[in-house]
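J.: I have a structure here, written as structure tokens, and I will follow up with some questions on it.
The values are calculated or read from the model by the stated rules, or taken from the named source; none is laboratory data. Computed from a predicted structure; not experimentally measured. Methodologically, a virtual Cβ is constructed for each residue, glycine included, from the backbone with ideal geometry; neighbour enumeration extends over all protein chains shown. Heads up: the accessible areas ignore ligands, DNA and RNA and are worked out on the full protein's heavy atoms, side chains in. Shrake-Rupley method; radii C 1.70, N 1.55, O 1.52, S 1.80 Å.
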Amino acid sequence: MPLITDGQARALLVNGLAARRERRFDPYPVVKLTAAWIDTVWLLSDAMPEDPDCVFGVRLVKGGSPDLRHVQLSKIAALRGPNGETVECDESFIADKTLAGYVQEAMQRRPD
């Protein structure tokens with residue numbers, strides 16, 4: 001089963017095209033992925049039109065700094081926990097702030 005839905009994939013591509021047109025594009029994340037066994041969440045906002053497997057977003061690790069970067073969906077999907085756990089997609093996720101807003105929130109929550 002694919003990690004994300006067809007609708008999410010389309011929305012990531014739409015944002016990817018918009019990111020190319022707008023230098024200061026700050027989209028709302030489209031996809032939330034969770035790897036519970038390592039306390040990690042990815043909020044993904046856009047995909048590269050020429051390579052939809054390459055997506056941009058922020059990785060949030062409990063207690064760590066937010067990490068903005070491009071990642072490959074296929075590599076995230078291949079991750080397995082010690083008991084065979086898999087990364088899960090929160091299909092009910094609806095972003096309430098832009099990607100920059102989530103980064104700012106994560107920075108404020110970091111322990112000193």
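J.: Heavy-atom accessible area per residue, the chain, 1.4 Å probe: how many Å²?
T.: Value returned for the chain: 63 Å² of accessible area per residue.
J.: Sticking with this one: For D6, tell me the accessible area in Å² from a 1.4 Å probe, rounded to the nearest 10.
T.: Looks like 110 Å² after rounding.
J.: Still on this structure, please answer the following. Relative contact order for segment 41-112: what percent, with Cα pairs under 8 Å and sequence separation of 6 or more?
T.: Over segment 41-112, the number comes to 26 percent.
J.: Near A11, within a Cβ-to-Cβ distance under 15 Å, what is the net charge of the other residues, with Lys and Arg +1 and Asp and Glu -1?
T.: -2
J.: Assuming 0.890 mPa s and 25 °C, estimate D for the chain with Stokes-Einstein, Rh taken as the Kirkwood radius over Cα pairs, in µm²/s.
T.: Calculated translational D: 171 µm²/s.
J.: At 222 nm, what value in deg cm²/dmol follows for the chain if DSSP H runs of at least 4 each add -39500 (n - 2.57) and the sum is divided by all its residues, to the nearest 500?
T.: The per-residue figure over the chain is -9000 deg cm²/dmol.
J.: Next up: Net charge around A47, counting only other residues with Cβ within less than 12 Å of its Cβ (Lys, Arg = +1; Asp, Glu = -1)?
T.: Once positives and negatives cancel, what remains is -2.
J.: Continuing with the same structure: Give me the aspartates and glutamates in straight-line cross-link reach of K75: C-alpha distance below 12 Å, same-chain residues under 8 apart excluded.
T.: D53
J.: Going through segment 1-53, which trypsin sites (Lys or Arg not before Pro) have at most 16 other Cβ atoms within 10 Å and a DSSP loop state?
T.: R23, R24
J.: Lys and Arg at +1, Asp and Glu at -1: add these up for the other residues within a Cβ distance under 15 Å of E91 and post the number.
T.: My count for the surroundings of E91 gives -1.
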